[in-house]
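Chemist: What follows is a single structure, and I will ask about it in a moment.
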There are 2 protein chains.
Amino acid sequence: MEVGIVGGTGALGGGLARRWLLAGVDVRLGSREAARGEAAAAQLRADLPDAPGQVTGVDNVGACAAPIVVLAVPYGGLDAVLVPLVDAVDGRIVVSAVNPLAFDGDGPYNAVVPEGSVAQACAARLPGARMTAAFHSVSSRELAHTERPLDDDVLVVGDDAEAVDAVVALADLLDGVRAYPAGALRLATPLEGLTAVIIAVNKRHKTHAGLRLSRLTVD
Amino acid sequence: MEVGIVGGTGALGGGLARRWLLAGVDVRLGSREAARGEAAAAQLRADLPDAPGQVTGVDNVGACAAPIVVLAVPYGGLDAVLVPLVDAVDGRIVVSAVNPLAFDGDGPYNAVVPEGSVAQACAARLPGARMTAAFHSVSSRELAHTERPLDDDVLVVGDDAEAVDAVVALADLLDGVRAYPAGALRLATPLEGLTAVIIAVNKRHKTHAGLRLSRLTVD
């Protein structure tokens, strides 16, 4: 299995890469400049010498050569990141992990996205992509602590059922994660928004909380 | 402790009432007509003869005589429910449990609320209320199964910290619930929206899933 990460030098993208490499997934680690992608890949190889997955540092367009491409970039400046990717993601499964997070004196909140969600905005800008959304509430800090398993449910939304199932299978490879299909792409809105709630809880409780669903095995 | 429930004859309001009565909380069970509220209260007394809490059937205005008032009504027709309550909730702690749920051929989705969230819409229509929001993703079906504990985290949002803490304390009395302050009232938007995601998961997995946060005790 192989995954590409747009924004692979950031905390979320880099953390996902670590966990996938340890699970034997090959990673194309993208950055705006290929040299930065390669530097980050070299660091991962040095940190995880025994990981069964192979990591390659590339630019963001190069990351889109993988069959599944995760967008792990900040909401600010997203359009500029997407424009060069339009052709490269044609026919690819693309996963938006982008949260429209903003902060003011009252704490975290969600920027209003005219399309309804960042995922829907990405779908509009990447018309050839098989668009999905997931990983919104997975803590970058926890991803980096590869010595302990995660404790997270990953909810995957999208209108292409086969694409959603592929992302669920990829997410399930993360140690300690259970992944589930969770409805249509338009339901990315509350998944993106919940991250602000979790940040508010984290601040109060000095933790890095994750999302779990209960009663998933009870009828 | 005493709680009033606007829409106490519905599945959510009635289920919360059952659980609170069993926890020793007195309940003012409201309905549009006092006679329907009293009939529902009589049913609860018959179903739970040993519950330490006392239940009184009233109209929705009568429910607002309690220090904490839960709005457990559908989003459709909400304005008509709120208009008669404006004076009655003055100075009261009010909890919106209302989800802006809608359904079409693609499944559940969230109606766009011009104020940002139902909770913020309620705050605008009930200016004297100390507005909070909670209980969005607690399953009515599970509430009714009082023979087993819940398995839910209740996230409480609001801009009045004292009001939020009072709702957290009330929610913590529900068997199997952990409740947490979770930020400003504007963060009701993703909490309200997440219910559509949970319904989509429920449909696929034939369950009544609930929300839990992980890592809340880890630093």
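Chemist: Assign one of three labels to chain A, namely rounded, prolate or oblate, based on the Cα gyration tensor with a ≥ b ≥ c the square roots of its eigenvalues; rounded applies when a/c is under 1.5, prolate when it is not and a/b is larger than b/c, and oblate otherwise.
Modeler: On the way: a/c = 1.29, a/b = 1.11, b/c = 1.16.
Since a/c stays below 1.5, the shape of chain A is classed as rounded.
Chemist: Could you pull out which residues in the stretch A:42-79 have an amide N less than 16 Å from a spot 7 Å beyond the Cα of residue A:160, following the Cα-Cβ vector?
Modeler: Inside the label zone: A:64-71.
Chemist: Antiparallel DSSP bridges in the stretch A:62-124: what percent, to the nearest 5?
Modeler: 50
Chemist: Another one. Report for chain A the percent antiparallel among DSSP-assigned beta bridges with both residues inside it, nearest 5.
Modeler: Around 20 percent antiparallel, to the nearest 5.
Chemist: Shifting gears a bit: Write down Rg/Rh for the stretch A:1-111, rounded to two decimals, with Rg from the C-alpha atoms and Rh from the Kirkwood relation over Cα pairs.
Modeler: 1.01
Chemist: Could you check how many percent of all C-alpha pairs in the stretch A:26-68 are farther apart than 14 Å?
Modeler: Of all Cα-Cα pairs in the stretch A:26-68, 40 percent lie more than 14 Å apart.
Chemist: Run through the other copies and list how far each one's label point is from that of residue A:161, in nm with one decimal, shortest first; the point sits 7 Å from Cα along Cα-Cβ.
Modeler: Once sorted, the set of distances for residue A:161 reads 5.0 nm.
Chemist: Could you work out how far the C-alpha centroid of the stretch A:62-137 sits from that of the stretch B:119-136, in angstrom?
Modeler: The distance from the Cα centre of the stretch A:62-137 to that of the stretch B:119-136 comes to 32 Å.
Chemist: Further question on the same structure: Can you list the aspartates and glutamates whose alpha carbon is less than 15 Å from that of residue A:203, not counting same-chain residues fewer than 8 positions off?
Modeler: Once the sequence-local aspartates and glutamates are set aside, what remains near residue A:203 is A:104, A:106, B:219.
Chemist: When you have a sec, figure out the Kirkwood radius of the protein assembly as shown from all distinct Cα pair distances and drop it here in Å to one decimal?
Modeler: Kirkwood radius, the protein assembly as shown: 22.5 Å.
Chemist: Can you compute the helix-only [θ] at 222 nm over chain B? Use -39500 (n - 2.57) per DSSP H run of at least 4 residues, normalise by all residues, nearest 500 deg cm²/dmol.
Modeler: -10500 deg cm²/dmol
Chemist: Can you work out the FRET efficiency for the pair residue B:111 and residue A:42, with r the C-beta to C-beta distance and R0 = 41 Å, to the nearest 0.05?
Modeler: 0.25
Chemist: Tell me, what is the percent relative contact order of chain A, built from C-alpha pairs under 8 Å that lie six or more residues apart?
Modeler: 18
Chemist: Once label points are set 7 Å from the Cα along Cα→Cβ at both residue A:54 and residue A:141, what is their separation, rounded to one decimal in nm?
Modeler: Here the modelled spin labels are 3.6 nm apart.
Chemist: Past the 14 angstrom mark, what percentage of all C-alpha to C-alpha distances in the stretch A:169-213 do you count? List each step's numbers first, then the result.
Modeler: Values: 612 of 990 pairs.
When every Cα pair of the stretch A:169-213 is considered, 62 percent fall beyond 14 Å.
Chemist: Using 0.36 nm times the number of residues separating residue B:61 and residue B:90, minus their current alpha carbon distance, what extension gain do you get?
Modeler: Additional length available on full extension: 9.3 nm.
Chemist: I need the inter-copy label distances for residue B:2: point set 7 Å along Cα to C-beta, values in nm with one decimal, smallest first.
Modeler: Ordered by increasing distance: 6.9 nm.
Chemist: Of the DSSP beta bridges with both residues in the protein assembly as shown, give the percent that are antiparallel, rounding to the nearest 5.
Modeler: Given both bridge residues lie in the protein assembly as shown, the antiparallel proportion sits at roughly 25 percent.
Chemist: Let me check I've understood the local charge: for residue B:143, count other residues with C-beta under 14 angstrom from its C-beta, Lys and Arg +1, Asp and Glu -1. What total comes out?
Modeler: Every neighbour counted, the sum reads -1.
Chemist: Among A:16, A:68, A:124, pick out the residue whose Cα is farthest towards the positive end of the charge dipole of the protein assembly as shown, where Lys and Arg carry +1 and Asp and Glu carry -1 on C-beta, about the Cα centre.
Modeler: Positive-most Cα among the choices belongs to A:16.
Chemist: Mind giving me the nanometre distance, one decimal, between the label points for residue A:203 and residue B:103, set 7 Å out from Cα along Cα→Cβ?
Modeler: 3.8
None of the figures in this text is laboratory data; all of them are computed from the coordinates on show. Just so it is clear, the structure is predicted and the values come from calculations on it, not from any experiment. Cβ: placed from backbone, ideal geometry, glycine included. Neighbour counts: every protein chain shown.
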